[in-house]
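Right, one structure below, let's go through it.
The values are calculated or read from the model by the stated rules, or taken from the named source; none is laboratory data. Fair warning: this is a prediction, and the values are worked out from it, not measured in the lab. All Cβ positions, even for glycine, are placed from backbone atoms using ideal geometry, and neighbour counts span all protein chains on display. Note: accessible area is taken over every heavy atom of the protein model, side chains too, but ligands, DNA and RNA are not part of it. Shrake-Rupley method; radii C 1.70, N 1.55, O 1.52, S 1.80 Å.
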Amino acid sequence: MPPEPPWRKIFNALSSLKLTLVYLALLMALTVICTLAQVPLGTHAAVDRTIKTFLVWWQPAGASIRIPVFPGGGLIGALLFANLALALARFLRLEWSRRKIGLWITHLGLALLFLGEFATSFFQVESQMPIELGQTRNFTEDHRHLELAVAASVDAAHDSVTSIPESLLRRAGELSHPSLPFKLRIKRYYENSSINMRGPSDPPAEATSGVGANLIVRPAPPVTGDDQQNAAAVLLEAVADGRSLGSFWISNALGAPQGLLLDGRDYKISLRSRRYYLPFALTLKEFHHDRYAGTDIPKNFSSLVRLSDPGRGEERDALISMNNPLRYGGKAFYQASFGKNDTLSVFQVMQNPGWLIPYLSCILVALGMLLHFGLKLAGAMGGSR
């Protein structure tokens, strides 16, 4: 018997069912790690750092380096998918034939279901759009991620805004952008902080300008509740032509941007929820909060909005209710909450490029099973005659 070629040895090893069990054991261990991590991190952060990643990282206290300590859900899932696909080709030995077409379609549907979950986990973007009666909005907000926004007044009605993602603020260093005539030196960043007025016994203020000159800002443990938000704070210095324009404490907990004046132009710096701007706008025309007769128990929430998209020539009304989202522009707007005595409506906005894949997968699985068992039944009935 001739020796087994090297490629077949590699194929057999990668398609081994023992390797399948190893990947399943890793997934079980990762599930335990994610569950335990929810205590100090909260649900969303724990899932992001264990399931929705290719590697689980560990950062020693006080260090700037991160060390990979365990494979993440993305890596294990990709390896498991490849292993099962190879095992299918090896053990099931499904040939291309009319008799086997149903099984091929069924397995294609299952593969699509797996890929759909992968696409959802890594590419889905979740945000919110709070909008008041009569208000028009063309952006959504992600309250779990922040950005540093520098707004320069263009005229009485418009500002030019430059945004810097939170990830860059975590690294001490100098930031510059072509739209800004000054640089920002990031001196310190706190994921969460406690902010208080300075007392006589407190050390000198680190900020020299803005309200931060009267504040004492200390690091605090990150919040873990899913309905809570960190009071992040960044200490930065604005520098133009080698001249300091002042040091500022910028925080999403201060409620107001910090301002500086350069060459007669006013700039406002704030730390805010990350914004995703839309090529269209929604205007809230009506909001209805229906209750069951004689009680305060909610029965239905619905919002009547005006959709305006000049680029597509779209101008129409749309009703968004609890089980009836508005799907437009690759996004789905769900009725999520309300406030301000029923004058504020809050939409949960989902952008999921793979939202149709599970439906297609279920159709293929059902079609494949019908074909397979239908052909089997037809063959059995034909053989009995």
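Express in Å², to the nearest 10, the accessible area of Glu237 obtained by rolling a 1.4 Å probe over the protein heavy atoms while all chains stay in place.
30
Could you list, bin by bin from short to long, the percent of Cα-Cα pairs of segment 8-57 in 10 Å steps?
Taking every Cα pair in segment 8-57, the percentages come to 25, 38, 23, 12, 2.
Given the Cα atoms of segment 258-385, and with Rh set as the inverse mean 1/r over their pairs in the Kirkwood sense, what is Rg to Rh to two decimals?
Details: Rg = 25.1 Å, Rh = 19.8 Å.
Looking at segment 258-385, the ratio lands at 1.27.
Explain nothing, just compute: Karplus ³J(HN,Hα) = 6.51 cos²θ - 1.76 cosθ + 1.60, θ = phi - 60°, for every residue of segment 200-213 in order, whole Hz, x for Gly and Pro.
x, 8, 6, x, x, 5, 7, 8, 10, 9, x, 5, x, 5
Over the Cα atoms of segment 27-88, how large are the radius of gyration and the largest Cα-Cα distance (Dmax), in Å?
Cα only, segment 27-88: 13.3, 48 Å (Rg, Dmax).
What is the calculated FRET efficiency for Lys376 to Ile67, with r their C-beta to C-beta distance and R₀ = 41 Å, to the nearest 0.05? Provide the component values of the computation, followed by the final result.
On the way: r = 54 Å, r/R0 = 1.32.
It comes out at approximately 0.15.
Once R0 is set to 56 Å, what does the formula 1/(1 + (r/R0)^6) return for the Cβ-Cβ distance between Lys187 and Asn324, expressed as a FRET efficiency to the nearest 0.05? Display every interim value, and only then the final one.
Details: r = 49 Å, r/R0 = 0.88.
Efficiency computed from Cβ-Cβ geometry: 0.70.
Between Val32 and Leu344, what length comes free when the chain is fully extended (0.36 nm per residue of separation minus the Cα-Cα distance, one decimal in nm)? Provide the component values of the computation, followed by the final result.
Values: separation 312, 0.36 × 312 = 112.32 nm, distance 3.97 nm.
Extra length available between Val32 and Leu344 comes to 108.4 nm.
Give me the dipole magnitude in Debye, nearest 20, for the chain about the Cα centre, with unit charges on the beta carbon: positive for Lys and Arg, negative for Asp and Glu.
On the way: 38 positive and 30 negative charges, 358 e Å.
Around 1720 debye, computed over the chain.
Just need the relative contact order of the chain here, percent rounded to a whole number, with Cα pairs under 8 Å and 6+ apart. Mind dumping the intermediate values first?
Values: 684 pairs, mean separation 70.1, N = 385.
Here the relative contact order equals 18 percent.
Hey, rough spin-label estimate for Arg275 and Gln124, points 7 angstrom out along Cα→Cβ, what's it come to in nanometres?
2.7
Give the shape of segment 316-363 as rounded, prolate or oblate, defined through the alpha-carbon gyration tensor: a ≥ b ≥ c are the square roots of its eigenvalues, a/c under 1.5 means rounded, and otherwise the shape is prolate if a/b is larger than b/c and oblate if not. Display every interim value, and only then the final one.
Working: a/c = 2.72, a/b = 2.41, b/c = 1.13.
Here segment 316-363 falls in the prolate category.
Can you find, among Ser308, Ile10, Val365, the residue farthest towards the positive end of the dipole of the chain? Put +1 on the C-beta of Lys and Arg, -1 on that of Asp and Glu.
Checked the options; the winner is Ile10.
Using only the alpha carbons of segment 95-195, determine the length spanned along each of the three principal axes and report them from longest to shortest in whole angstroms.
70, 42, 33 Å, listed from the longest principal axis down.
How many percent of all Cα-Cα pairs in segment 138-270 sit more than 22 Å apart? It would help to have the intermediate numbers written out before the result.
Working: 3319 of 8778 pairs.
When every Cα pair of segment 138-270 is considered, 38 percent fall beyond 22 Å.
Given the chain, what whole percent of its Cα pairs are spread farther than 41 Å?
On the way: 26376 of 73920 pairs.
Summing the P(r) of the chain above 41 Å gives 36 percent of all pairs.
With a probe of 1.4 Å, find how much accessible area segment 169-309 has per residue, and write the answer as a whole number in Å². Before the final figure, lay out the partial values.
Details: 7620 Å² over 141 residues.
Counting only protein heavy atoms, the per-residue value for segment 169-309 is 54 Å².
Stretched out fully, how many nm does the piece from Arg8 to Asn138 gain, at 0.36 nm a residue minus the Cα gap?
Values: separation 130, 0.36 × 130 = 46.80 nm, distance 5.59 nm.
Extra length from Arg8 to Asn138 when fully extended: 41.2 nm.
Ranked highest first by the average count of other Cβ atoms within 10 Å around their residues, in what order do 172-181, 187-196 fall? Spell out each step's value before the answer.
Values: 172-181: 12.1, 187-196: 16.9.
Highest to lowest by the protection proxy: 187-196, 172-181.
Tell me the carbon and sulfur percent of the accessible area for segment 146-294, rounded to whole percent, probe radius 1.4 Å.
Carbon-and-sulfur percentage of accessible area, whole number: 48.
Quickly rank 365-373, 73-81 as a protection proxy: mean count of other C-beta atoms within 10 Å, highest first.
73-81, 365-373
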